[in-house]
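Read through the structure below, which is laid out as structure tokens, and then see the notes.
Taken together, the values in this text are just the output of simple stated rules run on the coordinates, not laboratory data. In this text, all values refer to a predicted model and were calculated from it rather than measured experimentally. For neighbour counting, all protein chains shown are included, and Cβ atoms are generated from backbone atoms with ideal geometry for every residue, glycine included.
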Amino acid sequence: MRNTNISKNITKSELIISHLGVSAIIEPQTSQKKGILKDVSCRMRSGEIHVLMGKNGSGKSTLAMALSGHPDYVIDSGSCVLEKTELVTLSADERARAGLFVSFQTPIEIAGVSVFQLIKTAYEQKFGLIENVLNFYHEVEREATLLGIPTASMHRSIHEGFSGGEKKRLELLQMKFLKPRFAFIDEIDSGLDVDAITMVSQYLKEMVADSQMGCVIITHYERLLKYLPINAVHLMSKGSIVTSGDTSLADQIMRDGFDSVMKKLEL
Amino acid sequence: MKQLPSIQSPTYTHGFSVPLDYAYISERGLTKKTIETLSSMKAEPEWMKKFRLDAYALYLQKTLPSWGPDLSSLSFDDIRYYVKPTDGEKRTWDDVPDSIKKTFDRLGTPQAEREYLAGIKNQFDSEVVQGQLKPIWEEKGVIFLSMDEALKKHPNLVRKHIGSVIPSGDNVFASLNSAVWSGGSFIYVPKNVEVSLPLQAYFRINAERAGQFERTLIIADEGSKVTYIEGCTSPSFSTSSLHSAVVEIIVEKGAHVEYITIQNWYKHVYNLVTKRALVKEEAVMVWTDCNLGSKITMKYPSYILAGKAAHGETLSLAFAGANQIQDTGSKAIHLAPYTTSSIVSKSISQGGGITSYRGLISIGPNAHHAKNHVSCDALLLDKNSISNTYPTQRVFTGDATITHEATVSKIGERQLFYLMSRGLTASQARAMIVRGFADPLIKKLPMEYAVELNRFIDLEMEGSVG
């Protein structure tokens, strides 16, 4: 990695999710809500890559969104501790500044706010005023190029008119500069072709190795997985993590399908 | 936000006033005598005194508009119509009295961007107190004077054009301005001269209950080009002030005029302004209009597209917070064939503020192949705020193309969350969304003003959260 700003001496830390219960708000006026996640527990250390798999609607994205503080969800019970900091009681921005990053499956468009402006503001909010903006700009451009994003996109409105694949890369670009301790990366592989997946996973691999960021990858498919060193695989079903294992669990799921694996596990 | 009269608003950074020994302050209210005194103090020619008194007679006959915001709390009898801070306009900054200098220093003008401007005028209450035009433009025959000076040095030019685009009887505020006008800018750009740097005027109300009635006349001769920027601020008095300007612009054949306004009066100023341009063949008039301050603003910059293929453009941004009404818009009067106009109006309302777009598109019988496009975007920051649209279209020819689009959006909870998930605080996120909304206009402003507008949005958003 060419970016030398990142310290190599980051101490090992943990993200511990215990017995998390989450509801979705159905009717904001009446606070009517529906339970989605129950008793979700999982822990990971910095520098690890975990994979969260499961059928559509099993609760993978809900977990990521709820942890990031999405207003459509409420955490009813349990905790999520990032290096001694309880995230559950914090606001979305405090969670981000505590070191959590969630890349969105469908990122939000904001007219008139450029990609660079957002990265710069978010960076300054976390790390303080940038003294040499031009240097910083060149750094952002360099990373964008590594991710296959045209540098001209830096001046375009964030996510406006970008393709699905481009939006995913823009999320990773932001992540790069926010330097989170732990990240949830939601379906980064959708909308990318094989070449792009190779590029993105290489980028992610180097970033994890370099920054010792812990990383949860949410995916339906194994495509991304063969390029990345995976430490653990978790299977989600009906709002809970039903089993965890190593890459052989992912292989099994890919070979036999979710239903068959769950049947074998007598779930 | 709670309103505390006479205490400086935390979000209004221009709200100070300096104590000053005025050369002259008129009694409150307006009489024939006030006008005669004003005219004789200015040593005006007889025709100008008559112009004023005729306008005053019209003013007395007129009533306030029956439409638009309620102006009944505006007490014309409490206003001081002529407040003269100093004797004569100073050419250099050093000659300006210290207290006035201090005011403009605190406002960051005119030092800021001095290099960037071709010329500058600073008006304090009723009079222009300082002004300068770079010699290079003077040599090319450009005239940039206060209207009072212009009346002395170029009486024929003034006499020929004053009231030619906005007659004294146009509306009650035009009548009032014509009767009591003081200060304002006079600009003449000779044929084919392009003034590559902007000319700037800064308007400051300092005295309590003062009325400011500047009169601006711009004549861009054939093939010439000029950009004029005006900024306006005032102290945060709890009593009302009145700012009622008249701006007339004549854009001759093939000329190009851009008029940029950053209006940030304190929230007790009534801002009732008439602005109109006469645009001749293949000429272009651009109004870039930001209305941020004032209690009530009524302003509809207009163009009369009188020559073939004349073009008019308006890009406006209105911001209304608590107890503010921004009633703004634009009028495009198409009189000639192939004339085109485009109006983009953006408005932001918060804390119960009201923004209204009020526009008129008139396509006359001779304006075949005319084209107009209006686009109104409103951003509401909370449930209590209001945005209105009052478009009027009058089309008297068969083959004109007019389109109107309007959007109203609420600040999105998802957008806020997205930015907060990147570590921005709620107020930072709001400010960023609002700035993004205003971006098409901010981009068009000179650097110094863009920075000021961004700072304004940040301050307003800070005040709105928590």
10 Å beta-carbon shell around B:ILE333, net charge (K/R +1, D/E -1): +3
Distance from the Cα centre of the stretch B:201-257 to that of the stretch B:264-303, in angstrom? 9 Å
Please label the shape of chain B as rounded, prolate or oblate, based on the square roots a ≥ b ≥ c of the eigenvalues of the alpha-carbon gyration tensor (a/c under 1.5 means rounded; beyond that, a/b larger than b/c means prolate, else oblate). rounded
If amide H atoms are modeled at 1.01 Å from N in the peptide plane, then the residues at a separation of 5 or more from B:VAL374, or on another chain, having amide H under 5 Å from its own are B:ILE343, B:THR403, B:HIS404, B:GLU405
Taking amide H positions as placed in the peptide plane 1.01 Å from N, state which residues far from A:VAL233 in sequence (5 or more) or on other chains have amide H under 5 Å from it. A:VAL51, A:GLY245, A:ASP246
Give the order of B:ARG435, B:ARG80 when sorted by the count of other beta carbons within 10 angstrom, beginning with the fewest. B:ARG435, B:ARG80
Cut-off 10 angstrom, C-alpha nodes, Gaussian network model of chain A. Which of A:PHE116, A:PHE104, A:PHE127 fluctuates the most? A:PHE127
For the protein assembly as shown, what does -39500 (n - 2.57) per DSSP helix run (n ≥ 4), summed and divided by total residues, give at 222 nm, in deg cm²/dmol to the nearest 500? -8000 deg cm²/dmol
Got a sec to turn the phi values of the stretch B:32-44 into Karplus ³J(HN,Hα) couplings, 6.51 cos²θ - 1.76 cosθ + 1.60 with θ = phi - 60°, whole Hz, x for Gly and Pro? 4, 4, 3, 5, 4, 4, 4, 5, 6, 4, 7, 6, 7
For a quick check: with amide H placed at 1.01 Å from N, whose amide H comes under 5 Å from A:SER157's, ignoring anything fewer than 5 positions away on the same chain? A:GLY112
Return the whole-Å distance between the Cα centroid of the stretch A:67-83 and the Cα centroid of the stretch A:234-266. 25 Å
Mean-square fluctuation check for chain A, GNM, Cα pairs under 10 Å: which of A:SER240, A:SER163, A:SER13 is largest? A:SER163
Per-residue HN-Hα couplings for the stretch B:201-213 [Karplus 6.51, -1.76, 1.60; θ = phi - 60°; Hz; x = Gly/Pro]: 10, 10, 10, 10, 9, 10, 7, 5, 6, 7, x, 10, 10
Most exposed to least, judged by fewest other Cβ atoms within 10 Å, B:TYR390, B:TYR270 sort to B:TYR390, B:TYR270
Of B:HIS268, B:HIS154, how do they rank once you tally other Cβ atoms within 10 Å and put the fewest first? B:HIS154, B:HIS268
Set B:LYS121/B:LYS275; B:LYS101/B:LYS152; A:LYS60/A:LYS238; A:LYS168/B:LYS444; B:LYS253/B:LYS443 screened for pairs whose C-alpha atoms are more than 21 Å apart: B:LYS101/B:LYS152; A:LYS168/B:LYS444; B:LYS253/B:LYS443
Residue by residue through the stretch A:255-266, the couplings from Karplus 6.51 cos²θ - 1.76 cosθ + 1.60 with θ = phi - 60°, in Hz, x for Gly and Pro, are 6, 9, x, 4, 4, 5, 4, 5, 4, 4, 7, 6
Peptide B:435-445, shielding by other chains (average Cβ, 10 Å cutoff): 3
Which of A:GLY128, A:GLY21, A:GLY47 fluctuates most in a GNM of chain A (C-alpha springs under 10 Å)? That residue is A:GLY128
